[in-house]
Amino acid sequence: MEESGMTLFVVLNKIREEQDPTLRFDFVCRASICGSCGILVNGRPTLACRTLTKDLPDLTTLLPLPVFKLLGDLSIDTGIWFREMSIHTESWVHNDEKFDLTAQEERMDNEIALMIYEAERCIECGCCIGGCMMTNLKPNFIGAAGINRVARFMMDPRDKRSNQKYFEVIGNKEGVFGCIGLLACDDNCPVAVPLRGQITYVRRKMASVGWKMK
Amino acid sequence: MGKHDMFMTDVLIIGAGLAGERAAIESARGGLNVILLSLVPPRRSHSSAAQGGMQAALGNTVMGKEDNPYVHFIDTVKGSDWGCEQDVARLFAETAPIVMREMACWGVPWTRVTTEPRIYDGKEINEEAEKVGLISARNFGGTAKWRTCYTADGTGHTVLYTMDSMVMKYGISVHDRVEALSLIHDGETCYGAIVRCLRTGKLRIYTAKSTVIATGGYGRLYGASTNAVINEGSGMSIVLDTGVVPLGNMEAVQFHPTGIVPSWILITEGARGDGGYLLDKNRYRFMPDYEPDKKELASRDVVSRRMMQHIRAGYGVDSLYGSHLWLDIRHLGAKHINTNLREIANICRQFNGIDPVHELIPVRPTQHYSMGGIRTNIHGQAYGLKNLYALGEAACWDLHGFNRLGGNSLAETVAAGKLIGARIAEFTKDVASNVSFSVVEEHLYIQQTKIDRLCSGKSGTENVYELCNKMQDVLSHHVGIFRTEGPLQEAVSMLRELHERSLYIGLRSAEGGANPELGLALRLPGMIRLALCITKGALKRQESRGSHFREDFPKRDDVNWLKRTLAYWPKDAKEPVLRYEPVKITELPPGDRGYGEANARSKSALK
Ligand SMILES: Cc1cc2nc3c(=O)[nH]c(=O)nc-3n(C[C@H](O)[C@H](O)[C@H](O)COP(=O)(O)OP(=O)(O)OC[C@H]3O[C@@H](n4cnc5c(N)ncnc54)[C@H](O)[C@@H]3O)c2cc1C
Ligand code: SF4
Ligand code: SF4
Ligand code: FES
């Protein structure tokens, strides 16, 4: 059934339609945008929807990503994991200024906008989490996606949190100091969020706060 | 009822895309309890897939100079082919700049104005120094000014992530992986919804003072669609099933000019907005011949028709998946493609194995957007049932009439979310919660019986996937871009037959719980009912307007058809009943769009 452009999205749906109607897996956008379909393909975390079958060996194993709660077959509860992480790290712009309906927007340098966007591009697929040794050992570790999320708000001038505030949340072993820097995450991110750089950035900031506190 | 989880709230919002979340925030800020429901984690809603941008007349760029809400309003009305409600369009255009700035405050990293020169259509564009750092804009089809605000290649993603971050900030409850199956109502008032948990398969009861539908579009009724696989229109069909609330203009279906062949993933309009060309099998740029003024950037309905017209004239490129045309962005250069159009570049590389910096992209018009939906008034209140609201793509507010402009849908979700959310907050305060248990029980019983019947294996032998594929084929082949009486009539009878058969589905797995086959079996009859509303509406509308093009009635007919279709599905009916209402014209009387077949300078679509 090999055809050009045949992806695991097509294959899994065919199997569900023709062989196992109860097979559970998650796809939404089928275009590597929404982050629903992170799985292990031959042991490697990736997005199923953009995995072309022609790139796979004859014998291929598909497994659900570890760390996340399994819902059945290949379906995992990444949504809950990311929501809890986001609430734990208070992933929103902290700013008490009242929005003025009539005022012109505040200016922002486009370079900063692009930098924030680089971090914001994470699609919460969980590939960096499923492939990280530390999240597998310590389920409370926020992982690369969590550290990247914090970086996104740290570099945003609209967020008025102090470094001290961030430190209280992630200056510990469940946070940025839980990372041992082997960088499997950086290789596994399907949308190439610059995780290596983000981890270094957050670690440096938090280390300097920790140092001052001593 | 004892064995079912029950939730009570002030406002129940079904759908956690941009429209639902924005309305939730406004209601919560008004002091109400809100629960958001979603099939998937909110950030995976289809809003995240919008890459192009959202329109607001900020006028910060040189090419958007002197833009204002009035110009935006005019573009929207022309785009709609005079099918929209003009008071809604006016309110929308005035609110769009405000919500864009509000989203900037909340955290969207909008692309900002810089002095770096841009090349567009051979000309160099230099921004004014005093505008640097303000929200920038790009060009989209059917607009007089550049007014589409964007974040690089991920507008929907960043706006939805920011919106969801505010939902978390306000502590709004989100119940994901659930599916609303029906509304609880007594024919006069809506009291909430019966919902299936997609983790366990169990039914739940949600009662609310106000119920809001923000479930997005129905693209998956068509086989080839740019939409996410969860866009099956279930929000619209549960509303239609009440028998008393109509769907507006369901025949108004948008086909986007550039779905990539053969996965039908969208190549955003930004590609043409930034200067991409359409080429035929001879690598000839044909759009200027048909549309000398707007070229590739006439409105979507027009470009899609021109493309199909050109393919029919024998200029398409043959492929395994039918004829297609080419999109050429090579001349934009590697730097531009790899930053501003990065998502497109990735899609081409990953799904087609081609590099758009050096190669052409195969494209064909593809189902993309539903202008029609749950008919509401300007406050978002659905016709026919009290305390029921709808907004976003699921609704027919009616901002888009017979054709939506690119960038107007995301802007609609957020503007409507703010405006309608405020109304919901205001009106809900006066609602007493007085749902009767017999009404709840009645609706629960209907759903539970359906599930039990399907799981018992005694409901019939029809294959759910086969029926679904057939429905998709009927719509794609008979209710596409070019429509005529004969095929439409045939489609109505085929869909009627499919609808009948869909009531006798036999599951191949008797497994209850979260079984996906059962899920589709529950949805499919409603999907076919929507397909019938689309098809019958198209059959009866004997004119061409916006995206609805009848080859046997190729002209717009303002004398007989300056009106909106309202489709009802009375209890136990075999097809929808159609009624009509006038379109509200407040400022701009029907006229020439300046592009398309009626325009003096462009070539006719019919030889
Ligand atoms: C590929 C693509 C690109 C696009 N690009 C642009 C663009 O650049 N600019 C623009 O303006 N517009 C664009 N659009 C259109 C725009 O993205 C959508 O119209 C808009 O995002 C719809 O938002 P929404 O909030 O109404 O619905 P959605 O974002 O689709 O959200 C629907 C929500 O309802 C939930 N839901 C559905 N049914 C049920 C149910 N039965 N029970 C419980 N929950 C349910 C879903 O889980 C989801 O949370 C694009 C569309 C597509 C397909
Ligand atoms: S660097 Fe290693 S330990 Fe740290 S988050 Fe990445 S994979 Fe996990
Ligand atoms: S950082 Fe990359 S791998 Fe990790 S969740 Fe986000 S997108 Fe997925
Ligand atoms: S289905 Fe959306 S990323 Fe794969």
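Please state which one of A:Ile142, A:Ile112 is under 12 Å from the mean Cα position of the chain (by Cα), surrounded by 15 or more Cβ atoms within 10 Å (Cβ to Cβ) and either modelled with pLDDT of 95 or more or not assigned by TED's automatic domain parsing to the domain that holds A:Phe25 (or both).
Values: A:Ile112 fails: under 12 Å from the mean Cα position of the chain (by Cα).
On inspection, the qualifying residue turns out to be A:Ile142.
Given region A:113-204, what helices (runs of 4 or more DSSP H) lie entirely inside it while holding 3 or more residues that are touching a helix residue (DSSP H, G or I) at 6+ places or on another chain (Cβ under 6 Å), within 16 Å of ligand 1 (Cβ to nearest atom) and over 19 Å from A:Pro66 (Cβ atoms)?
Fully inside region A:113-204 and qualifying: nothing.
Checking A:Gly43 against (1) within 16 Å of ligand 2 (Cβ to nearest atom); (2) under 22 Å from B:Gly219 (Cβ atoms), only one condition comes out false. Which one?
(2)
Which residue out of B:Ala214, B:Ala144, B:Ala152 is more than 30 Å from B:His499 (Cα to Cα) and either more than 14 Å from chain A (Cβ to nearest Cβ) or touching an Asp or Glu at 6+ places or on another chain (Cβ under 6 Å) (or both)? Full working, then the answer.
On the way: B:Ala214 fails: more than 30 Å from B:His499 (Cα to Cα); B:Ala152 fails: either more than 14 Å from chain A (Cβ to nearest Cβ) or touching an Asp or Glu at 6+ places or on another chain (Cβ under 6 Å) (or both).
Of the residues listed, the single one that is more than 30 Å from B:His499 (Cα to Cα) and either more than 14 Å from chain A (Cβ to nearest Cβ) or touching an Asp or Glu at 6+ places or on another chain (Cβ under 6 Å) (or both) is B:Ala144.
Please state which one of B:Ala208, B:Ala193, B:Ala129 is of a type in the set (Gly, Ala, Ser) and surrounded by fewer than 24 Cβ atoms within 10 Å (Cβ to Cβ).
B:Ala129
Which one of B:Gly107, B:Gly142, B:Gly122, B:Gly156 is crowded, with 24+ Cβ neighbours inside 10 Å and more than 16 Å from ligand 1 (Cβ to nearest atom)?
Result of the check over B:Gly107, B:Gly142, B:Gly122, B:Gly156: B:Gly107.
Please identify the pairs in which a residue from region A:15-33 that is over 14 Å from B:Leu198 (Cα atoms) and without any contact (Cβ under 8 Å) to a residue 12 or more places away in the chain has its Cβ atom under 7 Å from the Cβ atom of a residue that is within 16 Å of ligand 3 (Cβ to nearest atom) and assigned to a loop (DSSP other than H, G, I, E, B), counting only partners at least 6 apart or on another chain.
Close Cβ pairs satisfying both conditions: A:Val28/A:Cys34; A:Val28/A:Ser36; A:Val28/B:Val40.
Of all residues being more than 14 Å from chain A (Cβ to nearest Cβ) and outside any strand (DSSP E or B) in region B:184-201, which is farthest from B:Glu442 (Cα to Cα)? Just the residue, please.
Residues of region B:184-201 more than 14 Å from chain A (Cβ to nearest Cβ): B:184-196.
Okay, now just the ones that are also outside any strand (DSSP E or B), so B:186-188.
Values: B:Asp186: 10, B:Gly187: 13, B:Glu188: 15 Å.
Checked region B:184-201; the qualifying residue farthest from B:Glu442 (Cα to Cα) is B:Glu188.
Search region A:60-96 for residues being surrounded by fewer than 16 Cβ atoms within 10 Å (Cβ to Cβ), more than 10 Å from every other protein chain (Cβ to nearest Cβ) and in a loop (DSSP other than H, G, I, E, B), and hand back the single one that is farthest from the chain's Cα centre (by Cα).
A:Asp96
Hey, could you check region B:348-386 for residues that are more than 14 Å from chain A (Cβ to nearest Cβ), part of a loop (DSSP other than H, G, I, E, B) and hydrophobic (A, V, I, L, M, F, W, C) and say which is farthest from the chain's Cα centre (by Cα)?
Applying the filter and picking the extreme gives B:Val357.
Can you name the residue in region B:65-98 that is within 14 Å of chain A (Cβ to nearest Cβ) and crowded, with 24+ Cβ neighbours inside 10 Å and, of all such residues, is farthest from ligand 4 (Cβ to nearest atom)?
Checked region B:65-98; the qualifying residue farthest from ligand 4 (Cβ to nearest atom) is B:Pro97.
List the number of the failed condition for B:Lys536; all other conditions in (1) surrounded by 24 or more Cβ atoms within 10 Å (Cβ to Cβ); (2) outside any helix (DSSP H, G or I); (3) of a type in the set (D, E, K, R) hold.
(2)
B:Arg204: within 30 Å of B:Val583 (Cβ to Cβ), in contact with an Asp or Glu (Cβ under 8 Å, 6 or more places away or on another chain) and touching a residue at least 12 places away in the same chain (Cβ under 8 Å), yes or no?
So B:Arg204 does not fit the description; no.
Restricting the search to region A:2-44, which residues are within 16 Å of ligand 1 (Cβ to nearest atom) and not charged (D, E, K, R)?
A:Phe9, A:Phe27, A:Val28, A:Cys29, A:Ala31, A:Ser32, A:Ile33, A:Cys34, A:Gly35, A:Ser36, A:Cys37
Going residue by residue through region A:30-47, is there one that turns out to be outside any loop (DSSP other than H, G, I, E, B), within 16 Å of ligand 4 (Cβ to nearest atom) and of a type in the set (D, E, K, R)?
Yes, region A:30-47 contains at least one residue that is outside any loop (DSSP other than H, G, I, E, B), within 16 Å of ligand 4 (Cβ to nearest atom) and of a type in the set (D, E, K, R).
What's the number of the condition B:Arg283 fails, among (1) over 25 Å from B:Gly53 (Cα atoms); (2) surrounded by 24 or more Cβ atoms within 10 Å (Cβ to Cβ); (3) not β-branched (Val, Ile, Thr)?
If we test B:Arg283 against (1) over 25 Å from B:Gly53 (Cα atoms); (2) surrounded by 24 or more Cβ atoms within 10 Å (Cβ to Cβ); (3) not β-branched (Val, Ile, Thr), just (2) comes out false.
Residues in region A:26-33: is at least one more than 16 Å from ligand 3 (Cβ to nearest atom) and not assigned by TED's automatic domain parsing to the domain that holds A:Gly131?
Start the filter on region A:26-33 by keeping residues that are more than 16 Å from ligand 3 (Cβ to nearest atom), which leaves A:30.
From what's left, not assigned by TED's automatic domain parsing to the domain that holds A:Gly131: A:30.
The answer is yes, given that some residue of region A:26-33 is more than 16 Å from ligand 3 (Cβ to nearest atom) and not assigned by TED's automatic domain parsing to the domain that holds A:Gly131.
Restricting attention to region B:186-231, which residues are among the hydroxyl-bearing types (Ser, Thr, Tyr) and more than 16 Å from ligand 4 (Cβ to nearest atom)? So that I can check it myself, show each step before the final result.
First, pick out the residues of region B:186-231 that are among the hydroxyl-bearing types (Ser, Thr, Tyr): B:189, B:191, B:200, B:206-207, B:210-211, B:215, B:218, B:222, B:225-226.
Once the filter is applied, which keeps residues that are among the hydroxyl-bearing types (Ser, Thr, Tyr) and more than 16 Å from ligand 4 (Cβ to nearest atom), region B:186-231 yields B:Thr189, B:Tyr191, B:Thr200, B:Tyr206, B:Thr207, B:Ser210, B:Thr211, B:Thr215, B:Tyr218, B:Tyr222.
Output the number of residues of region A:170-202 satisfying the condition of being on the phi > 0 side of the Ramachandran plot and either within 14 Å of another protein chain (Cβ to nearest Cβ) or within 16 Å of ligand 4 (Cβ to nearest atom) (or both).
1
Return a yes/no flag: does region B:399-415 have any residue that is closer than 30 Å to B:Asp557 by Cβ and hydroxyl-bearing (Ser, Thr, Tyr).
The answer is yes, given that some residue of region B:399-415 is closer than 30 Å to B:Asp557 by Cβ and hydroxyl-bearing (Ser, Thr, Tyr).
Going through B:Ser225, B:Ser263 one at a time, which residue ends up being within 12 Å of chain A (Cβ to nearest Cβ) and closer than 20 Å to B:Leu405 by Cα? I'd like the intermediate steps shown before the answer.
Details: B:Ser263 fails: closer than 20 Å to B:Leu405 by Cα.
From the options B:Ser225, B:Ser263, the qualifying one is B:Ser225.
The values are calculated or read from the model by the stated rules, or taken from the named source; none is laboratory data. For clarity, every value in this text was computed on a predicted model and none was experimentally measured. All Cβ positions, glycine included, derive from the backbone under ideal geometry; neighbour counts span all protein chains shown.
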